[in-house]
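First comes the structure, then the notes that go with it.
The values are calculated or read from the model by the stated rules, or taken from the named source; none is laboratory data. None of the values given here were measured: they were computed from a predicted structure. Here the Cβ is made from the backbone with ideal geometry for all residues, glycine too, and neighbour counts use every protein chain on show. Accessible surface areas use protein heavy atoms only, side chains included; no ligands, DNA or RNA. Shrake-Rupley method; radii C 1.70, N 1.55, O 1.52, S 1.80 Å.
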Amino acid sequence: MNEIIRRRKSIRKYDRTQLGDEILGKVREQIANLTPLYPDIRYSVDIAHKTKGLLAQGSGASTFLVFRGEEGSASYVNIGFIGQQMDLYFSANGLGSCWLGMAKPNERGDLSYIISMAFGKPADALHRSLSEFNRKPLSEISEGDDVRLEAARLAPSGMNAQGWFFVAKDGAIICYRKKSGIMSEKLGCIDMGIALWHIASESDGFRFSKEPDAPERKGFIYVGTVGR
């Protein structure tokens, strides 16, 4: 498994050192080379130095990614998918990061605001051991065998809810997200996209599609299938 997936953690405290132009330049290069799950859905990722929200202000972070996109569940999943690429990039390059579901940008954009991510130099340990993860066992979030499911299990999610379910069968992974209220649907979709990027990171030739004959699962919504 990707070593960063096994060691990453959400950083909630940062030292207040401003990141230099060289580091921010590399972040912008990474943003320019993101791989969307849905290439036809518009999105944008911008660097901001201020944002609203108590968690953002209390963290000490001085830099944020602001994710915008079209409205709708597929777009929210897409944001989770591309955002987690940045989360792992930061962790692999000596920077901490944390998804901020309650933050809001100071400036408006052409697309709808979706979510933010704080990033910067961590004030405490950047990584953790595998034993420090607080996650549900695979038996509660999946059925069937596929080595990629462990990477999905370790993915971060809002309130650590892990509101997803995966069915591994014949080399494919059928992906579901838990049904939720309107207020939490956006975060549930983002979480699904995050988990999908962890699966993609462990896949040889990642393919994702929505199959018309996918089986229903009570209490869950079918999102798509990772191909054989």
Inset, instruction - For helix 73-92, report the angle its Cα long axis makes with the longest principal axis of the Cα atoms of the chain; keep it between 0 and 90° and round to the nearest 10°. - result: 60 degrees
Inset, instruction - Using only alpha carbon pairs under 8 Å that are at least six residues apart, calculate the relative contact order of the chain and give it in whole percent. - result: 22 percent
Inset, instruction - Quickly rank 92-100, 211-219 as a protection proxy: mean count of other C-beta atoms within 10 Å, highest first. - result: 92-100, 211-219
Inset, instruction - Holding the Cα-Cα limit at 27 Å, pick out from Lys26/Lys52; Lys52/Lys186; Lys50/Lys178; Lys136/Lys186; Lys169/Lys218 the pairs that are longer than that. - result: Lys50/Lys178
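In whole angstrom, how long is each semi-axis of the equivalent ellipsoid of region 1-113, when you take the square root of 5 times every eigenvalue of its Cα gyration tensor and sort them from largest down? Spell out each step's value before the answer.
Working: eigenvalues 89, 67, 38 Å².
For region 1-113, the ellipsoid semi-axes come out as 21, 18, 14 Å.
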Inset, instruction - Any chance you could give the angle, 0 to 90 degrees and rounded to 10, that helix 182-201 forms with the longest Cα principal axis of the chain? - result: 80 degrees
Legend entry - Length gained when the stretch Arg42-Asp145 is fully extended (0.36 nm per residue, less Cα-Cα span): 33.6 nm
Inset, instruction - Distance between Cα centroids, region 82-151 to region 156-179: provide it in whole Å. - result: 16 Å
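In the chain, carbon and sulfur make up what percent of the accessible area (probe 1.4 Å)? Could you put the intermediate results ahead of the total?
Numbers: 5720 of 11700 Å².
Its accessible area is 49 percent carbon and sulfur atoms.
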Inset, instruction - Using 0.36 nm per residue of separation minus the Cα-Cα distance, give me the extension gain between Lys104 and Lys179 in nm, one decimal. - result: 24.5 nm
Legend entry - Eligible aspartates and glutamates near Lys9 by straight Cα distance, threshold 13 Å, same-chain separation 8 or greater: Asp87, Asp124, Glu132
Legend entry - Accessible solvent surface per residue of the chain, calculated while the other protein chains remain in place, 1.4 angstrom probe, Å²: 51 Å²
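Once you charge only the Cβ atoms, +1 for Lys and Arg and -1 for Asp and Glu, what is the size of the charge dipole of the chain about its Cα centre, to the nearest 20 debye? Please list the in-between numbers first.
Working: 31 positive and 27 negative charges, 140 e Å.
Using only the charged Cβ atoms, the result is roughly 680 debye.
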Inset, instruction - Using only the alpha carbons, work out the radius of gyration and Dmax of region 44-182 in angstrom. - result: 16.3, 48
Inset, instruction - Determine the calculated [θ] at 222 nm for the chain from helices alone, applying -39500 (n - 2.57) to every DSSP H run no shorter than 4 residues and normalising by the residue count; nearest 500 deg cm²/dmol. - result: -9000 deg cm²/dmol
Legend entry - Calculated log₁₀ intensity ratio I(q)/I(0) where the Debye formula runs over C-alpha points of region 162-228, q = 0.15 Å⁻¹: -0.45
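Highest mean first, how do 220-226, 39-45 rank when packing is the count of other Cβ atoms within 10 Å averaged over residues? All intermediate terms of the calculation are to be shown ahead of the outcome.
Details: 220-226: 18.6, 39-45: 14.0.
Per-residue Cβ counts within 10 Å, averaged per peptide and sorted highest first, yield 220-226, 39-45.
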Inset, instruction - Specify which residue in the list Ser142, Thr17, Phe220 is farthest towards the positive end of the charge dipole of the chain, using unit charges on the beta carbon of Lys, Arg (+1) and Asp, Glu (-1), about the Cα centre. - result: Thr17
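Please give the charge dipole size of region 112-228, origin at the Cα centre, charges +1 on K and R Cβ atoms and -1 on D and E Cβ atoms. Round to the nearest 20 debye. Write out the running numbers ahead of the final one.
Numbers: 16 positive and 15 negative charges, 66 e Å.
Using only the charged Cβ atoms, the result is roughly 320 debye.
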